[in-house]
Amino acid sequence: MKKRLTFFAVIEVIILLFLCVALFRNGFILFLGGAIFFSWLSSRSHSRILGIICILFWVISIIHLLRSGYFWLSIAFPVIVALVYFRHHRTSETSYEAHSSYNQREKILAENQVDDNELIDLADLHYHPEGNNLSIRKSAGNTKIVVPEDVEVVLSIKVRVGVVKVFDQMTEINDVNLHYFTPEYESAKRRVAINIKVDSGNVELVRG
């Protein structure tokens, strides 16, 4: 992500350089200098004529600026990049990308509400720099998730009837609505957001 931002920043700098060259060629610098000069004179002398001349120079300067295609490109480019980035970032937070052997199993659980007992080892996941999302929904059945020592997690667990155990740190029983995250989640290279909804069944997370 940092490399991409650097690449986009370099392109923006190049666009601004072309803008400066174009403004220098179309006389913008000359009119801008005149506008600043007459602004200074009119502020000192309070002359109405100088004030009118100052306004004319400013108007001509703005017209020259707005006529440059590089000016609009320098504004449009970062706006487009920002829209693409936030759209991609939002999508990556709300969807689980299928790069593991558990993808099909999770899809079945989410769509068909299969009653089943599950053992999921997160060591088999393909981890992305922006993080992974894992979503599990089912009406009944126990779920055990093995989390490697170097993987950080953020949890959202809802269980109507059952026991929830998290890393031997907490245990809750029945009508559980639990939110939990490990301390190093934001800075971790391998991390996963886990969302679990179970009507009836136990949920356990262990390190392994």
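The values are calculated or read from the model by the stated rules, or taken from the named source; none is laboratory data. This structure is a prediction, so every number in the text was calculated from the model and none was measured. Reconstructed Cβ throughout: ideal geometry from the backbone, glycine too, with neighbour counts over all protein chains shown.
Worth pointing out:
Condition check ((1) closer than 30 Å to ASN132 by Cβ; (2) in contact (Cβ under 8 Å) with a residue 60 or more places away in the chain) across all residues:
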position: PHE18; (1), (2): no, no
position: GLY27; (1), (2): no, no
position: ILE60; (1), (2): no, no
position: PRO78; (1), (2): yes, yes
position: LEU83; (1), (2): yes, no
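- Among residues that are of a type in the set (A, V, I, L, M), within 19 Å of the chain's Cα centre (by Cα) and within 27 Å of ARG4 (Cβ to Cβ), VAL151 is not included.
- Pairs, first in the same structural domain as ILE145 (by TED's automatic domain parsing) in segment 183-199, second aromatic (Phe, Trp, Tyr), C-beta under 8 Å, six or more apart: LYS189/TYR127; ARG190/TYR127; ARG191/TYR127; ARG191/TYR185; VAL192/TYR127
- With respect to the conditions (1) surrounded by 12 or more Cβ atoms within 10 Å (Cβ to Cβ); (2) farther than 30 Å from HIS128 by Cβ, SER45 falls short on a single one, namely (1).
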